[in-house]
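J.: This is the structure, below, for whatever I ask next.
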Amino acid sequence: MKPKLLITGGSGFIGSNLVRLALAQGYRVLNFDKLTYAGNPASLVDVENHPGYRFVQGDVADPAAVEAAFTSFEPEAVLHLAAESHVDRSIDAPGAFIATNITGTYTLLEAARRYRATLAPAQAGAFRFIHVSTDEVFGSLGAEGAFSEATRYDPRSPYSASKAAADHLARAWGGTYGLPLIVTHCSNNYGPYQFPEKLVPLMILRARRGEEIPVYGQGENVRDWLFVGDHAEALLTVLERGTPGQTYNIGGQNERRNIDLVRLLCQLLDEAHPRADGRPHAESIRFVADRPGHDFRYAIDASKIRRDLGWHPRQDPESGFRLTVKWYLENRAWWQPILDGTYALGRLGTGGA
Ligand code: NAD
C-alpha cells in the first residue's frame, strides 16, 4: 500500500495537479488548504468523490487545525506546498507572505515533529517531509550559469525572502530534530489550473479577449519553464527515492525570454483561436513599466535529480505550451468565475497598496 500523504495547498495550481497524480498512482491524500483567492475547489472537482481523497479547509499557521489534521489522518508523509506564491502580490502586501510562508511552515514543522515522536521507530524512520521551495531563493543570474543545489541564497523579493526563511526553518527541523526532510527548488511552472494572475494564463486570457498584452520592461527577463505535471512527478519521485537531508533542484532546461514566450503564446493562439479581424495576436503586445526589483534571469541545473533519482521531464516544451493554450481555451467554466470574482486580469505589484 502506498503511503498516506498530507498535501498542503492541494487546491492551488501545482497542488491540484499533484493531488490528481497522487490519487491516480494509488496514494491516499488529505488536502489541507485554506482556500485563499488562489485555492480553488473547482480544480479538483473530478476527484472530490475519489475514495482515497479527503479535504480539510484550514490554515497552516493555525496550530490546532494542523495538529488535528495529523492526528485524524495519520499521514506517512507531508508534501508542503501551501504558500502565498505571487511575487507581485508580495510587493503590494507582504504580510500574508510572512504569516503563511514563514509562520505557517514553522507551525507545520512543529506539528510534524510532535506527531512523528508518537510513531513506532519503523514508522518514524519511514516518515518524510517534502518541503517545496522555489529557484527564486537563489536570486538573479546574469547571462550565464545556472542555480545548483549549492548556490548561495540571495532572495530579493518579499516572496522569495519568505520562501528562503521557510527553507532555513525546514532544514533546521531536519538537522536539529531529525525530521526526515527533503527540500526541492523548482523553476517556473506552467500548465492547467494556474491562477490567471501568473504570466502564461494572464497573456492567454488577455489576448483571447482582444485586450492589450502587457509585458514588463522590454521582456528581456529570462525564466526556465517546466510543465506542472512534470513537477508533480518529480515531487513523488523525491518522496519515493529521495534521501532525507538532501536538496533537489527541479527544472526542464527550457529557458526563454519573456517576450519570446509571449510571442509563442500569441502564435499558438493565432492557430487555435484566430482573432475576428484576422490580425496576429502579437500586435496587441505592449511594453509596460517593469516590476520593481525584477530578477533578470533564473536557470536551474537539475542534473542531480536526473542522475540520482532517474527523473526527467516528459513534456516537450512546444507541446506543453500548446496543450496549455488549448486547456485555457476549452476550460472557460474554470476561469470565468475567477475573472468575474476575485481577479479581472489587472496589473498587480506596483507597490502602491
Ligand atoms: P498557488 O498560489 O497556486 O496555490 C497555493 C495554495 O496554497 C492555494 O490553494 C492556497 O489556498 C493555499 N494556501 C495559501 N495560504 C495558505 C494557508 N495559510 N494555509 C493553507 N493553505 C494555504 O501556488 P502554486 O503555484 O501552486 O505553488 C505551490 C508551491 O510551489 C508554493 O510553495 C510555491 O512557492 C512553490 N513553487 C511554485 C512555482 C510556480 O511556478 N508556480 C515554482 C516553484 C515553486
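Here, each number is a calculation from the coordinates, and none is a lab measurement. On a predicted model such as this, the values are computed, not experimentally measured, just so you know. Cβ: placed from backbone, ideal geometry, glycine included. Neighbour counts: every protein chain shown.
J.: Taking R0 as 51 Å, what's the FRET efficiency between Thr243 and Arg275 from their Cβ-Cβ distance, rounded to 0.05?
T.: Computed FRET efficiency for Thr243 and Arg275: 0.50.
J.: Let me ask you something else. For helix 158-177, what angle does its Cα long axis make with the longest principal axis of the chain, in degrees from 0 to 90 and rounded to 10?
T.: 20 degrees
J.: In whole angstrom, and with the biggest value first, how far do the Cα coordinates of the chain range along each principal axis?
T.: Sorted largest first, the three principal extents are 67, 45, 42 Å.
J.: Then there's this: Would you mind counting up the charge near Ala96? Only other residues with Cβ under 9 Å from its Cβ, with Lys and Arg at +1 and Asp and Glu at -1.
T.: 0
J.: Taking Cα atoms of the stretch 79-167, Rg/Rh with Kirkwood Rh, to two decimals?
T.: Ratio value, two decimals: 1.07.
J.: Let me ask you something else. Computed from the mean reciprocal separation of all distinct C-alpha pairs, what Kirkwood hydrodynamic radius does the stretch 185-296 have, in Å?
T.: By the Kirkwood definition, the hydrodynamic radius is 15.6 Å.
J.: If you don't mind, another one. Per DSSP H run of at least 4 residues, take -39500 (n - 2.57); add these up for the chain, divide by its residues and hand me the 222 nm value, nearest 500 deg cm²/dmol.
T.: Helix contribution divided over all residues of the chain: -12000 deg cm²/dmol.
J.: For all pairs of alpha-carbon atoms in the stretch 153-240, what percent lies in each bin of width 10 Å, listed from the first bin to the last filled one?
T.: Here the calculated profile for the stretch 153-240 is 13, 32, 34, 15, 5, 1.
J.: Same structure again: Which whole-angstrom value gives the distance between the alpha carbon centres of the stretch 253-290 and the stretch 32-68?
T.: So the two Cα centres are separated by 35 Å.
J.: Cα extents of the stretch 244-353 along the three principal axes, largest first, in whole Å?
T.: So the three principal-axis extents are 52, 38, 28 Å.
J.: Quick one: go through the stretch 182-208 and flag any residue whose amide nitrogen is under 16 Å from the point 7 Å out along the Cα-to-Cβ line of Asp154.
T.: none
J.: Could I ask something else about it? Could you tally the net charge around Lys163, taking each other residue with its Cβ under 12 Å from the Cβ of Lys163, Lys/Arg +1 and Asp/Glu -1?
T.: Neighbourhood net charge equals -3.
J.: Give me the number: length gained by fully extending Glu318 to Thr342, i.e. 0.36 nm times residue separation minus the C-alpha to C-alpha distance, one decimal in nm.
T.: Result for the pair: 5.6 nm of gain on full extension.
J.: Based on the Cβ-Cβ distance from Lys2 to Tyr37, what FRET efficiency comes out when R0 is 30 Å, to the nearest 0.05?
T.: The value I calculate is 0.40.
J.: For the ranges 170-176, 4-10, 181-187, what's the packing order if you count other beta-carbon atoms within 10 Å of each residue, average per peptide, and put the highest first?
T.: Highest to lowest by the protection proxy: 4-10, 181-187, 170-176.
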